[in-house]
Each structure stands twice: as structure tokens, then as C-alpha cells.
Amino acid sequence: MRALIVHGMGRTPLAAAQLAYRLGRAGVQASLFGYVAAFQDFDAIASRLGRRLERLAASGPYIVVGHSLGGLLLRAALAKLPTETPLPAHLFLVGSPHRSPRLARRLRDRCLFRLFSGDSGRMLADPSRMRKLPFPDVPVTVIAGTAGFPRPFRGRTNDGIVTVGEAHIGGVELVPVSAIHTFLLNSGEVFQHILDRAKDPKTHEGA
């Protein structure tokens, strides 16, 4: 089994290096995909990611892991793969919002946020664009952090950036973990959830 890990906005592939190392030691050959949201539009990044997925799919069964914006990029890229390209055995959305996060809407008019996040930030802050984001027909697990302070999020359980409610997708397995957004990929609990499902995906079907 192979894996491709896509980091979140403002991070680099190094943010996923520990997870890749752990998966490798467990027998899952992991590779990393990098991008800089400030310099490329969301669709351009997703297109490049799609080409990477096509090459990965040609090598045999695989899973994909996306942290935060990385999960949204995977959703977009997978939905546009050629019909003859095999889809992943599992898609893991780690701290990825399913609907426009309140924090992005609060920050959208701030200069630093616009410079830092580019077109991807505008998408996150736009509920209509978020609703149009395609969803591939593959097994999915949503992993949501719960270690953020509730007060800034009106008491809602969150990881400091995204609430569990914003990450939740109806009919999809939701796994809460005690971790904050930035370090979700470094969580041993997250690693174990991914490994369990990568090795025996049928066990978690319909969870």
C-alpha cells in the first residue's frame, strides 16, 4: 500500500514528514505533495495534484491523507481524475473543513490573511464556493481535533482553527482526536487511525 500526504495551508511537506515516517515503518510507503497557497490559485494546485495522483495510481493500491486545505485539494483533484484512473482505497480528511469555517470569514478582509492565503483563502471564506467543491466517491474518514479553546468558537468543540461541526460530513465516519489543528499530523492517535483503516479498510465501512 502507498500513501500520498498533502499538508495544510501555510505549512510545507515537512509538516507531514513524521506521519510519513511512521507509516513507512508500518509498511505503508508514503510520499508528500507540496504547494504554496499564496502563489497559486486553488484550481491550479488541484490540477497539479491530480497529475501526481495519476502517477501514484499507476503503481497500485493507495490511500490519500489531506490536512486542512490539503483535504480540500484532494477532494477537488480526485473528483476530476480520468475515469480510467483507479481511485484511492481511502481518503482521510484531517482537520479539513466541509463548510466555510467561521474563522476564515472573520479574517477574509484582513490584508495579511489575503496575502498569506491567496485564492484558497478566498474560497474558504466563501460559503458558495465551498458548497460547490466536489466530493469523490471513495471511502472517507474525517479526523477532527478537539483540543482548541471553546470560547472563541462560541462554545463549539474545535481544534483552534476548525470546529468539529465544520469538519463533519453527514454519513461519513467522524473520528475526534485530542489535538490542535497545527499538529494533527504529528498525533500518534491520528497515525493509528490511518494505519488501522489503511491495512483493513473493510472493517470501517459504514462506520
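Values quoted throughout were computed directly from the atomic coordinates according to the rules given, and no laboratory measurement underlies them. Note that the structure is a prediction, hence the values are computed from the model and not measured. In this analysis, Cβ positions are derived from the backbone assuming ideal geometry, glycine residues included, and neighbour counts consider all displayed protein chains.
Here are some notes:
- Protection proxy ranking of 10-17, 170-177, 68-75 - average other beta-carbon atoms within 10 Å, highest first: 68-75, 10-17, 170-177
- Annotation: amide H-H contacts under 5 Å for Ala38 (H modelled 1.01 Å from N, sequence separation of 5 or more, or interchain): none.
- Amide hydrogen neighbours beyond the local backbone of Gly148, cut-off 5 Å, H modeled: Asn158, Asp159, Gly160
- Under Karplus coefficients 6.51, -1.76 and 1.60, residue-wise ³J(HN,Hα) of segment 74-85 in Hz, glycine/proline x: 5, 4, 5, 5, 5, 5, 10, 5, x, 4, 7, 7
- Computed on the chain, with alpha-carbon pairs under 8 angstrom and 6+ residues apart, the relative contact order is 21 percent.
- Relative protection proxy for 57-67, 35-45, from highest mean packing down: 57-67, 35-45 (other beta-carbon atoms within 10 angstrom).
- Extreme residue, positive dipole direction of the chain, given options Gly50, Ala38, Leu184 (C-beta unit charges): Ala38
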